[in-house]
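Each remark here refers to the structure printed beneath this line.
Only the coordinates and a few stated rules stand behind these numbers; no lab work does. The structure displayed is predicted, hence computed values, not measured ones. Note that we place each Cβ from the backbone using ideal geometry, even for glycine, and neighbour counts take in every protein chain shown.
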Amino acid sequence: MKLIRIAISLAALGAALFFFGGLIRAADTNIPIYFPNSKLVVKAEVLNRVTYLPIKQVIEFMGIPYTDALALETLTIRSGNSRLLMTKNSALVSYNDQILLLPSPILREDGRWLAPIEFLTIGLTRLTGTEFRYRAGAPRIYAENVDAPELEMNAQTLGPITRLTLRCSVPLNVELKRDDQRAILAIDRSVDPFRERLDHRDRMVRSVVFDDSDGNAKIVVDTTRDVTDMRLTAADNNRVYFLDLFTKREPVTEAVPPPALPAAPAARPDVIPAERKVRVVVIDPGHGGMDTGAKSAAIAEKDFTLALARKLRSALQTRLGTTVLLTRDSDVALDNEARSAVANNNQANLFISVHAGYSTNKTDAGSSVFVMKENFGEGFTTASATGRDQLFLPWYLGYRIHQQASVSAANFLQEALSKAIPGSKFAVRTAPLAVLSSATMPSLLLEMGNLNNPMNAQTLTDASFQSRLAATIADAVQRFSESPQAAAN
Ligand SMILES: [Zn+2]
């Protein structure tokens, strides 16, 4: 009985730990050391919570001469006229005429010299000038000026899909490989993961782990058998990647959901949390940069959308005291994913994309408030970008969770605009718009007037009209935020 108990408590220490010669020894850990144009993967040993590196392997890789004096149990490393001398079982290292103190003694095991990781900065940097960087507990080391930008990852369950988002300050090439029940995202350069693993688990994801133990950065997503499809999408010039995991499609109107596949809260307005304030609003000025949008002699759509977005920002800040973010505050190009990502990443409670309309008929003058509608036809997962503003991208379903609230916000906007601009029509319409489809909060797209209509174009360029328009939209946002439909994420 007692023996069994001991066995159990030892097992509780963790499968990787076992007693060995009085030392608590963890399983070997592969640690890549990244140099500017090369890398070395060493097998480190963790003994009594100290990470030891096989130091001869490191200095051989760096081409540093050494003498391993077996009988004296010393290792001497040389660089120019300087030398480092270390002795088995001693934490003292002599560097020329100085003595350096390591936090733990040097070990010698099976012909291997094992030095605590701090030896790199305390000893080797002093001898060779090569700098080393590492984070406590992180199994990787960067040498010299290796550029390893931070990689952030997070995962969200969005009703019927699970989305893993990767974000980096520099463009990455990421390749998706499927391997039975795993999705592997191979990254083409060294990066520094903000977290080694995510806590996220849901019906499609068992674990998300960053792994570069072979010197190649990748994220390994362990998935469940519910995953029937997955898709990798780049955004923001390859600085953002979305991995979307799909399960067998569930019809929104399904009466009795199968037990293993709980219905998305999206389909049930009764579970939308009520009476919460709109705290963060993201405004998306349509188009930008090379993408001018619609154009008339008086104005380009991209300039109108930015001017209106800026006015709307100050109107909302003054009136509601909300945090207001623009997806762009200058004349730059942005793709749809990057636009909705600004809203998603900042946990916005409302997302408004601003556009101007264009009709080949010069006398058309109507405006529209769009909310997302899925393309329920064929090609649920295969439709390619087509149609107006190339906005079709029907496979994202994140918007569904807030569809009721989106419609409600659109109705408030329609009502306010119709009152403020008499004689103008503001239709609430639905369309499969990519910029809305990935947004995970109430979201809508306002399309003002017709730039091909000279009267409309002139009005839209008028600064006082833009201010009035902004004030009217802010009114509608305020009414929406006080309504039970406004939901906080
Ligand atoms: Zn547009």
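Extension gain residue 156-residue 112, at 0.36 nm per residue separation less the Cα-Cα distance, in nm?
Contour length minus the Cα-Cα distance gives 11.3 nm.
Roughly speaking, what is the stretch gain from residue 60 to residue 136, that is 0.36 nm per residue apart minus the C-alpha to C-alpha distance, in nm to one decimal?
That pair, residue 60 and residue 136, stretches by 24.9 nm at full extension.
Multiplying the sequence separation of residue 196 and residue 231 by 0.36 nm and subtracting their Cα-Cα distance, what value in nm do you get?
10.3 nm
Out of the DSSP beta bridges found with both residues in segment 14-143, what percent are antiparallel (nearest 5)?
Rounded to the nearest five, the antiparallel share is 95 percent.
Which percentage, to the nearest 5, of the DSSP beta bridges contained in segment 280-481 is antiparallel?
20
Could you give the nm distance between label points at residue 297 and residue 425, where each point is 7 Å from its Cα heading toward the beta carbon?
Label-label distance for residue 297 and residue 425, simple model: 2.7 nm.
Looking at segment 14-143, I'd like the Rg to Rh ratio, where Rg is from alpha-carbon atoms and Rh is Kirkwood's inverse mean 1/r.
With Rg and the Kirkwood Rh in hand, the quotient comes to 0.95.
With a ≥ b ≥ c the root eigenvalues of the C-alpha gyration tensor of segment 280-481, is it rounded (a/c under 1.5), prolate (a/b larger than b/c) or oblate?
Here segment 280-481 falls in the rounded category.
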